[in-house]
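Okay, so here's the structure we're looking at.
Coordinate-derived values only; no laboratory data. These numbers come from a predicted model, not from an experiment. Because the Cβ atoms are built from the backbone with ideal geometry, glycine has one as well, and the counts that use them run over all protein chains shown.
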Amino acid sequence: MKPDEIRRVVLEELSNIAPETDPAGIDPGADLREALDIDSMDFLNFITALHKRLGAAIPETDYPKLFTIDDAVDYLASKRGLGRPG
Amino acid sequence: MGTFSMPSLGADMEAGTLVEWLKHPGDRVERGDIVAVVETQKGAIEVEVFEAGVIDRLLVEPGTTVPVGTPMALVRGPGEEAIEAPAPELVSAEAAAAPAPSVHPAPPPSAPAAEAPGRPRASPAARRFARERGLDLVGMTGTGPGGAVVSADIERSAASPAPAPHPTRGLDLAEMRRAIAAAMARSKREIPHYYLSTTIDLTRAHAYLERINAERQPADRLLLPVLQLKAVALALRRMPEFNGFHTADGFQPGTGIHVGTAIAIRGGGLATPAIHDTDRLSLDALMAHLRDLVARTRVGRLRSSELSDATITVTSLGDRGVESVFGVIYPPQVAIVGFGKPVERPWVAEGRVVIRLLTTTTLAADHRVSDGHKGGLFLAEIDRHLQEPEKL
């Protein structure tokens, strides 16, 4: 899966979790929890959605690697075999 | 024949608007079934029925605003015959102005009696409220049934002009703000709060979560607030004076431990829906309830029992935010427990300075019901449960 496709998925899932916000409009290097007012339940739902959609195993200890949109895209792109629904 | 009435979904609710019927005459209902959707200041609420039976007839039309307690439907109990009398006319928006009689079966409410000149229509709560604030009801615009002045109108009149309603979602955030304002103003007016604070070591609880979450897919993972809710619920078993309601008759202990959990809404506002029998639920079941409640709170779709049954409130600031929160008690409850953001800090354990994950835990409680000494024991009991996460 190409990074552009991954970014599209990340933005889509963020929109689902915080429908009142515009994830594409925030700084992709900013902490998305602050920028989108996302709490721990929202963040867990975000990880759950990425896992279901991309089949990526995302252990809890890796959560800090997904705190910005750019970091999340890099992290997911580094996972092999992405795109197989888990 | 039982009646299904407009429920009271909070101390300051005076009326609600029926949005739709989800059950119809002839439908069988069980206790807890959702029968209707009612629009309130807290969004669209799914209202449950308290007795099993068969819906006999509906007394109120969708779109009608009726006072709390107004019979809205008749429910035939097991073995009861259907009423053969001609069906009464449905209460419509025009006819619903006067409070319905409390006896049943209910005839349609009569037209509102003409008010004496110079005495505006107003609910008793609104009259009391206006008196307390030194406001005159004459000339005030009422938004209650039949143009009656209700507490919210007094609030509006006393405060600056209300912001325009927020049109998104099923939630009117301006209305919700007014409901919060009314409840919190009443709390600060009536409840003599006392406040306690202590530091709880979360290192064990956090390690426990890390251990079990490592083996789970994201959809099955647990969050810290679930452990906190369970710890509070278990502590309440031994400290019943913090679980229940303060009424005109004094303290009424809760019939169960139904912990209300504060859920913030992006853009402002919050709700504190109850998780029924929190002390009897497994951590997994609690997590499922919490996930569901957060989702429904944010789209404005809670159930009536979730809004009216909480016997205490817990507010947890999560991993962002600040280190401590001193809550305002939600009347008629008598306590609120607050958990601050967990932070790593130097801590002395067994004679050595070590790094531990700590949370400032607070209690605001009603001095009419308990004292600081008991409050301290309550916080200590919560601490004790959080040190044994595997037993939660």
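The A:MET1 and B:ILE212 beta-carbon pair, evaluated with R₀ = 35 Å, returns a calculated FRET efficiency of approximately 0.70. Here the calculated FRET efficiency for B:GLU323 and B:ALA52, from their Cβ-Cβ distance with R0 = 45 Å, stands at 0.40, rounded to the nearest 0.05. Full extension of the chain between B:ALA295 and B:ARG28 yields a length gain of 93.2 nm, computed as 0.36 nm times the residue separation minus the alpha carbon distance. Under a model in which nothing but the beta-carbon of Lys, Arg (+1) and Asp, Glu (-1) is charged, the range B:337-376 shows a dipole of about 80 debye around its Cα centre. Put simply, the amide H of B:THR3, placed in the peptide plane, has neighbours under 5 Å in B:VAL75, leaving out anything fewer than 5 places away on its chain. Excluding same-chain neighbours fewer than eight residues apart, the lysines reachable from A:LYS65 by a Cα-Cα span under 23 Å are A:LYS2, A:LYS52, A:LYS79, B:LYS341. For the range B:66-73, backbone phi angles converted through the Karplus equation (6.51, -1.76, 1.60; θ = phi - 60°) give residue-by-residue couplings of 10, x, 3, x, 5, x, 10, 7 Hz, Gly and Pro being listed as x.
With just the Cα atoms defining each centre, how far is the range B:352-373 from the range B:197-225? Give it in Å. So the separation of the two Cα centres works out to 20 Å. For the range B:315-392, the spherically averaged projection of the C-alpha convex hull amounts to 6.6 nm².
Of the trypsin sites (Lys or Arg not before Pro) found in the range B:1-35, those in coil by DSSP whose Cβ has at most 14 other Cβ atoms within 10 Å are B:ARG31.
Relative to the current alpha-carbon distance between A:ASP27 and A:THR61, full extension at 0.36 nm per residue lengthens the span by 9.8 nm. Sites listed here are GluC sites (Glu not before Pro) in the range B:8-80 whose DSSP assignment is loop and whose Cβ has at most 10 other Cβ atoms within 10 Å: B:GLU30.
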